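Engineer: Okay, here's the structure, questions in a sec.
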Amino acid sequence: SSETFWTTTGMFPQEFIIGFPKCVKISKVAIQCYLVRTLRIERSVCKDPVGFEHCIEKDLQHTEGQLQMEEFPLPDFQATYLRFIIKSAFDHFVSVHRVMAEGT
């Protein structure tokens with residue numbers, strides 16, 4: 001829902017995990033967030049959310065007053081869980097408004 005979002009509690013790093021019903025092939029992940037400075041994405045192909053491995057880490061551009069929209073192409077990428085780690089921010093609190101994963 002565009003009316004809802006997830007917000008941090010003020011200290012970093014902060015993280016959230018998205019799980020899929022089974023291991024899926026992902027070609028791209030996109031995120032809409034606000035005031036995120038450094039974002040890291042990890043994946044797990046395990047049945048449970050353990051054994052995460054680093055996939056990508058990026059410093060995002062500061063966009064005062066508007067959402068940051070970032071896309072991460074992930075060719076030949078499989079995951080059962082995605083962990084998003086907000087390592088640092090441009091303010092004490094940040095928000096995540098949407099996460100989209102494309103694939104099969």
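The values are calculated or read from the model by the stated rules, or taken from the named source; none is laboratory data. What you see is a predicted model; the values in this text were computed from it and never measured. Here Cβ is always computed from backbone atoms with ideal geometry, including for glycine, and neighbour counts include all displayed protein chains. Note: accessible area is taken over every heavy atom of the protein model, side chains too, but ligands, DNA and RNA are not part of it. Shrake-Rupley method; radii C 1.70, N 1.55, O 1.52, S 1.80 Å.
Engineer: Where the second residue is open to solvent by 80 Å² or more (accessible area, probe 1.4 Å) and assigned to a strand (DSSP E or B) and the first is at negative phi and among the aromatic types (Phe, Trp, Tyr) and lies in the range 93-104, which pairs have Cβ atoms under 7 Å and are six or more apart or on separate chains?
Structural biologist: none
Engineer: Further question on the same structure: May I ask you to list pairs of residues, at least six apart or on different chains, whose Cβ atoms are under 7 Å apart, with the first in the range 9-27 being within 28 Å of Ala89 (Cβ to Cβ) and the second being in a loop (DSSP other than H, G, I, E, B) and open to solvent by 50 Å² or more (accessible area, probe 1.4 Å)?
Structural biologist: Gly10/His92; Gly10/Phe93; Ile17/Pro49; Gly19/Pro49
Engineer: Name the residues in the range 87-104 that are open to solvent by less than 100 Å² (accessible area, probe 1.4 Å) and not in a strand (DSSP E or B), would you? Write out each step before concluding.
Structural biologist: Taking the range 87-104 and keeping what is open to solvent by less than 100 Å² (accessible area, probe 1.4 Å), we get 87-91, 94-97, 99-103.
Within the range 87-104, Phe90, Asp91, Val94 meet the criteria.
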